[in-house]
Amino acid sequence: MPTDQVRIRSLYAGLNRTIIWFGLLVAAAWLFAIFSYYLSSKAGTDWFARSGSVMCLVGAAVTFRLAHFYQRALATALKEGLVSVPREIELRLNPPKSYVVLSYLGYLTGIVGTAVWGYGDLMLQVVSA
């Protein structure tokens with residue numbers, strides 16, 4: 001296998017590892033919100049609204065860091081001559097599906113987290129009434 005192919009596979013492997021770790025972080029934020037909803041409904045505490053702040057933080061961090069890692073991988077590939085400029089533009093316009101899905105999940109996590117953070121206490125009152 002040519003050296004360039006090995007380096008390209010290495011860049012994709014690094015990006016895939018990053019996507020997996022960030023995906024686990026998003027899943028943990030959602031699981032924390034579900035657990036805190038359960039805890040708030042059973043114990044009468046207000047952990048659910050606070051979990052919204054964690055969701056917002058995770059959603060924003062994942063979205064921005066994921067974009068940074070992808071741009072850095074593209075810049076590295078271009079700098080090392082692994083891709084041409086037209087191919088690099090194509091990769092920017094058509095990123096891997098896993099990247100796109102996780103980006104949207106990051107946005108959704110931030111949006112839902114904002115709603116939970118702002119209105120979580122009211123949501124619990126409505127559901128328990």
For this session: Go ahead and run the numbers for FRET between residue 8 and residue 60, Cβ-Cβ distance against an R0 of 25 Å, rounding to 0.05.
Result: 0.25
For this session: Estimate the FRET efficiency between residue 32 and residue 68 by the formula 1/(1 + (r/R0)^6), using the beta-carbon distance for r and 22 Å for R0, to the nearest 0.05.
Result: 0.35
Exercise. For the chain, what % of the accessible area comes from carbon and sulfur atoms, probe 1.4 Å?
Worked result: 68
Exercise. In the set (1) 1.18; (2) 0.96; (3) 0.99, which value of Rg/Rh (Cα atoms, Kirkwood Rh) was calculated from the structure you see?
Worked result: (1)
Exercise. What is the spin-label model distance, in nm, from residue 119 to residue 42 if the labels are put 7 Å beyond Cα along the C-beta direction?
Worked result: 2.7
Exercise. Can you tell me the accessible area per residue over the chain, all protein chains present, probe 1.4 angstrom, in square angstrom?
Worked result: 64
Seminar exercise, completed: Length-normalised contact order of the chain, Cα under 8 Å, at least 6 apart, in percent, tallies to 38
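The values are calculated or read from the model by the stated rules, or taken from the named source; none is laboratory data. On a predicted model such as this, the values are computed, not experimentally measured, just so you know. Glycine also receives a Cβ, built like all others from the backbone with ideal geometry; neighbour counts cover every protein chain displayed. All accessible areas refer to the heavy atoms of the entire protein, side chains included, with ligands and DNA or RNA removed. Shrake-Rupley method; radii C 1.70, N 1.55, O 1.52, S 1.80 Å.
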